[in-house]
Amino acid sequence: PYTTLFRSKRDIELKKDIYKKQGNTEAYREELKNLILFFNDTNLEDYVELRSLFSDKEWIKERDSIIEQLTPGRFLCEILETEQLYEQLLDVLLRSDDKYLLHQYTDLLSEKYPEQLLQIYRENVEKQAESTGSRKHYYQIVEELRIMKSIIGGDKVVDEIIKKWKIQYRNRSAMMDELNRA
């Protein structure tokens, strides 16, 4: 199945290049759009290229249609960042369990949306803390708390969490050790 998928992507890329050489803008646009919508490993360059083929007014409708059809993930987040659609980017992060994406966009969004980001982080660390684990598990939780502290208002939220956990999880010595380092 993978080779078929790969071949069809290659076919689209070849068609796209032929249409570009022929000056068939409409067909070229369509193949670029197919690459963007149907292949997760598409790069942002194809998106930027497609964008350049529309007037600003036409692009908004086209862009919104593409964004609506894409699966939430890395590529959609890259597009939302490129388009400076930060509220929609935050919304994708709210609905995602992808910590990597959250970390990647925390700095970008922290000034404009500190409360929402702190809420996402808070839910994540509280869910993580529910289960016992190795020292590494607790170390990772403390790393998340450190990130939270870098967000406006984060110090207060982290202090509340730690205070609560020191009572709730007082019997977890490894966790207490790591929290003391937060």
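log10 I(q)/I(0), Debye, Cα-only segment 45-123, no solvent, q = 0.12, 0.22, 0.23 Å⁻¹?
Normalising to I(0) and taking log10 leaves -0.36, -0.99, -1.05.
What percent do you get for the relative contact order of the chain when only Cα pairs under 8 Å and 6+ apart count?
The value is 12 percent.
With Kirkwood radius over Cα pairs in Å as the read-out, I listed [x] 19.2; [y] 17.6; [z] 18.5; which label goes with the value calculated from this structure?
Recomputing Kirkwood radius over Cα pairs in Å here gives the entry labelled [x].
Going 7 Å from the Cα of GLU111 in the Cα-to-Cβ direction, what parts of segment 74-103 have a backbone nitrogen less than 11 Å from that spot?
none
Using Cα atoms only, what is the angle between the long axis of helix 114-130 and the major principal axis of the chain, expressed in degrees (0 to 90) to the nearest 10?
60 degrees
Can you compute the charge dipole magnitude of segment 96-182 about its Cα centre, using +1 on each Lys and Arg Cβ and -1 on each Asp and Glu Cβ, nothing else charged? Give it in debye, rounded to the nearest 20.
Values: 15 positive and 15 negative charges, 86 e Å.
Taking the Cα centre of segment 96-182 as origin, the dipole is about 420 debye.
Rounded to the nearest 0.05, what FRET efficiency do LEU85 and ILE152 have when you use their Cβ-Cβ distance and R0 = 35 Å? Before the final figure, lay out the partial values.
Working: r = 22 Å, r/R0 = 0.62.
Here the calculated transfer efficiency is 0.95.
Could you tell me which residue out of GLY73, GLY133, ALA182 lies farthest along the dipole of the chain toward its positive end? Charges go on the beta carbon: Lys and Arg +1, Asp and Glu -1, centred on the Cα centre.
GLY133
What accessible area per residue, rounded to a whole number of Å², is obtained for segment 1-146 using a probe radius of 1.4 Å? Walk me through the numbers on the way to the answer.
Values: 9050 Å² over 146 residues.
Ligands and nucleic acids excluded, the figure is 62 Å² per residue.
Once you put a point 7 Å from the Cα of ARG170 and another 7 Å from the Cα of LYS99, both along the Cβ direction, what distance in nm separates them?
About 2.8 nm separates the two model spin labels.
Using a 1.4 Å probe on the protein chains only, how many percent of the accessible area of segment 27-182 belongs to carbon and sulfur?
46 percent
Which of LYS136/LYS166; LYS20/LYS57; LYS99/LYS136; LYS61/LYS99 have a Cα-Cα distance over 25 Å? Mind showing how you got there, number by number?
Details: LYS136/LYS166 18 Å; LYS20/LYS57 22 Å; LYS99/LYS136 16 Å; LYS61/LYS99 31 Å.
Table pairs above 25 Å Cα-Cα are LYS61/LYS99.
Work out the length of the dipole vector of the chain about its Cα centre, built from +1 on the beta-carbon of each Lys and Arg and -1 on the beta-carbon of each Asp and Glu, and round it to the nearest 20 debye.
Working: 30 positive and 35 negative charges, 150 e Å.
My answer is approximately 720 debye.
The values are calculated or read from the model by the stated rules, or taken from the named source; none is laboratory data. If you're wondering where the values come from, they're calculated on a predicted model, not measured in any experiment. FYI the Cβ positions are ideal-geometry reconstructions off the backbone, even for glycines, and counts take in every protein chain you see. These area figures cover heavy atoms from the full protein model, side chains too; ligands, DNA and RNA do not enter into them. Shrake-Rupley method; radii C 1.70, N 1.55, O 1.52, S 1.80 Å.
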